[in-house]
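Trainee: Supplied in structure tokens, the structure appears directly below.
The values are calculated or read from the model by the stated rules, or taken from the named source; none is laboratory data. Just so it is clear, the model here is predicted, and its values are computed rather than measured. Glycine also receives a Cβ, built like all others from the backbone with ideal geometry; neighbour counts cover every protein chain displayed.
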Amino acid sequence: MLFEYSDKSSRLQQQLAAFMERHVYPNEAAYAAQLEAAADRFAPLPLMEELKQKARDEGLWNLFVPESHGEFSAHGGLSNLDYYPLAETMGRVLWSAEVFNCSAPDTGNMEVLMKYATPEQQQQWLEPLLAGEIRSSYAMTEPQVASSDATNIELSMTLEGDEWLLDGRKWFITGAMNQRTRIIIVMGKSDPANPDRHRQQTQVLVPRDAPGVEVVRALTTLGYDDAPIGHAEIHFNQVRVPAENVLLGAGRGFEIAQGRLGPGRMHHCMRLVGAAQRALEITCQRVQRRSTFGRKLGQHQSVREDIAQSFAEIEMARLLIQQTCHRMDQVGAQAARDMIAACKISVPLTVQNIVDRCMQMHGAGGLSRDYFLAEAFNYARWCRQADGPDQVHRMALGKQIIERYGD
């Protein structure tokens, strides 16, 4: 199938590529230097704020907003397929999605608020998120249970009069360390006796500064703290929020989680292909400049084989994502869950392997912070756990395929 992008997407692709060339790539070293020198690694960086304003001025803002909620965007929203090449371009610099207000977990949280929040909740939290004035977090995973089965979560959520009372721990809460995070969407167990395990959960909006929201520690992934975004373990210690902070309704937390995670999984896959493409490009440049045993690295058979394999895998990943985006646009995320699972299973692992090859061809430097490769490897690796581990998606997809063809 030939995938064609709309005129709006094609125009934004050109604008975005030009913006990256003018403002993002030349500032990678400056960004790293500001982060290194920051007194608080989770404080907003002046350079990021400058770039965000430039992006807004050029109309490169909230590009992720779907067509179904185009009223929340100046550009009227984009289809999944039209958004894909933009997300891939942003993935070439791991921090650049925030420049365009398109970074996780905010994009997923904003879509939750677009779909499920009341007008009052949207005014209080969605509007400042869309404006890039605040940031947000999503708290589902817990340290004491296998959260790959979301029905296992134990954080207690009790409705007492006109308040929800929350008690329990969450961890790997992306963005919770960031100084600008103001709201956390929390999923807890509100009806543990319900015979339907998928109706036991509720999601509520918890202000980051609510009494009892206690940061236990900042967390790392393979030694990276992902500053200035960060991941945290948080103790919700007898936290009380108004009853009207519930999203969609009591017992509908699992439904919200399923609606949020599908597009979010795809956004990660989209950005990962951009990281892999750039890794391949800089590796091709390197093997043309370095020599061993009397000839350039690019003349060695093993190097050529690794380059060829990486190129083929990037093209396969790109086509799978395009096919999945097209399907989502045609039938919706729920009906396209088989394709979304196929992407989630294959793209992060594929990109992890591609980046690993590129790191190898960079020698010891590939392990260092002199290149973006090690951090890209970390991103691909943790994506194999985030939004559900590989094994769960394989299990679910395998069941679907057997039911489809097994009779």
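Trainee: Which residues, taken from region 157-174, are part of a strand (DSSP E or B), more than 28 Å from Pro228 (Cα to Cα) and out of contact with any Phe, Trp or Tyr (no Cβ under 9 Å at 6 or more places or on another chain)?
Mentor: Within region 157-174, Leu159, Glu160, Glu163, Trp164, Leu165 qualify.
Trainee: Another question about this same structure. When region 191-228 is examined, which residues are found to be part of a loop (DSSP other than H, G, I, E, B) and touching a strand residue (DSSP E or B) at 6+ places or on another chain (Cβ under 9 Å)? Walk me through it before giving the result.
Mentor: Step one: list which residues in region 191-228 are part of a loop (DSSP other than H, G, I, E, B), which gives 191-196, 200, 208-212, 220, 222-223, 225-228.
The answer is Asp191, Pro192, Gln200, Arg208, Asp209, Ala210, Pro211, Gly212, Thr220, Asp225, Asp226, Ala227.
Trainee: Please go through region 139-154 and pick out each residue that is in contact (Cβ under 8 Å) with a residue 60 or more places away in the chain and within 20 Å of Ala193 (Cα to Cα).
Mentor: Those that are in contact (Cβ under 8 Å) with a residue 60 or more places away in the chain and within 20 Å of Ala193 (Cα to Cα): Met140, Asp149, Ala150, Thr151.
Trainee: Check Gln360, Gln309, Gln288, Gln352 and return the single one that is loosely packed, with under 14 Cβ neighbours inside 10 Å, in contact (Cβ under 8 Å) with a residue 24 or more places away in the chain and in a helix (DSSP H, G or I).
Mentor: On the way: Gln360 fails: loosely packed, with under 14 Cβ neighbours inside 10 Å; Gln288 fails: in contact (Cβ under 8 Å) with a residue 24 or more places away in the chain; Gln352 fails: loosely packed, with under 14 Cβ neighbours inside 10 Å.
Answer to the selection: Gln309.
Trainee: In region 139-160, what residues are surrounded by fewer than 19 Cβ atoms within 10 Å (Cβ to Cβ) and either modelled with pLDDT under 95 or not small (Gly, Ala, Ser) (or both)?
Mentor: Of all residues in region 139-160, those surrounded by fewer than 19 Cβ atoms within 10 Å (Cβ to Cβ) come to 143-146, 148-149, 151-152, 154, 156, 158-160.
Those that are surrounded by fewer than 19 Cβ atoms within 10 Å (Cβ to Cβ) and either modelled with pLDDT under 95 or not small (Gly, Ala, Ser) (or both): Pro143, Gln144, Val145, Ala146, Ser148, Asp149, Thr151, Asn152, Glu154, Thr158, Leu159, Glu160.
Trainee: Here's something else I'd like to know. Starting from residues that are surrounded by fewer than 19 Cβ atoms within 10 Å (Cβ to Cβ) and among the hydrophobic types (A, V, I, L, M, F, W, C), keep the ones in region 204-218 and report whichever is nearest to the chain's Cα centre (by Cα).
Mentor: Applying the filter and picking the extreme gives Ala218.
Trainee: May I ask you to list pairs of residues, at least six apart or on different chains, whose Cβ atoms are under 6 Å apart, with the first in region 228-250 being in the same structural domain as Ala104 (by TED's automatic domain parsing) and free of Cβ contacts under 8 Å to residues at least 40 places away in the same chain and the second being surrounded by fewer than 19 Cβ atoms within 10 Å (Cβ to Cβ) and part of a helix (DSSP H, G or I)?
Mentor: Every condition considered, no pair remains.
Trainee: If I ask for residues that are surrounded by 13 or more Cβ atoms within 10 Å (Cβ to Cβ), over 12 Å from Leu261 (Cα atoms) and not basic (Lys, Arg), which ones from region 383-392 would you list?
Mentor: The answer is Cys383, Gln385, Pro389, Asp390, Val392.
Trainee: Confirm whether Arg240 is over 21 Å from the mean Cα position of the chain (by Cα), in a strand (DSSP E or B) and within 30 Å of Ala32 (Cα to Cα). Spell out the reasoning first.
Mentor: Details: over 21 Å from the mean Cα position of the chain (by Cα): yes; in a strand (DSSP E or B): yes; within 30 Å of Ala32 (Cα to Cα): no.
No; evaluated as a whole, the condition is false for this residue.
Trainee: Looking at region 218-238, which of the residues that are out of contact with any helix residue (DSSP H, G or I) (no Cβ under 9 Å at 6 or more places or on another chain) and among the acidic types (Asp, Glu) is modelled with the highest pLDDT?
Mentor: Glu233
Trainee: In region 175-190, how many are among the hydroxyl-bearing types (Ser, Thr, Tyr) and assigned to a strand (DSSP E or B)?
Mentor: Counting residues in region 175-190 that are among the hydroxyl-bearing types (Ser, Thr, Tyr) and assigned to a strand (DSSP E or B) gives 1.
Trainee: Across region 96-121, what is the number of residues that are crowded, with 23+ Cβ neighbours inside 10 Å and among the aromatic types (Phe, Trp, Tyr)?
Mentor: Residues that pass the stated criteria total 1.
Trainee: Given the residues Gln13, Gln34, which is the only one that is of a type outside the set (Ser, Thr, Tyr), in contact with a helix residue (DSSP H, G or I) (Cβ under 7 Å, 6 or more places away or on another chain) and without any contact (Cβ under 8 Å) to a residue 24 or more places away in the chain? Before the answer, list the steps.
Mentor: On the way: Gln13 fails: without any contact (Cβ under 8 Å) to a residue 24 or more places away in the chain.
Selected residue: Gln34, the only one of Gln13, Gln34 that is of a type outside the set (Ser, Thr, Tyr), in contact with a helix residue (DSSP H, G or I) (Cβ under 7 Å, 6 or more places away or on another chain) and without any contact (Cβ under 8 Å) to a residue 24 or more places away in the chain.
Trainee: In this structure, does Arg327 turn out to be assigned to a helix (DSSP H, G or I), among the basic types (Lys, Arg) and over 26 Å from the mean Cα position of the chain (by Cα)?
Mentor: no
Trainee: Right, another one. Considering region 175-199 alone, what residues qualify as being free of Cβ contacts under 8 Å to residues at least 60 places away in the same chain, buried (at least 16 other Cβ atoms within 10 Å of the Cβ) and out of contact with any Phe, Trp or Tyr (no Cβ under 8 Å at 6 or more places or on another chain)?
Mentor: Matches in region 175-199: Ala176, Thr181, Lys189.
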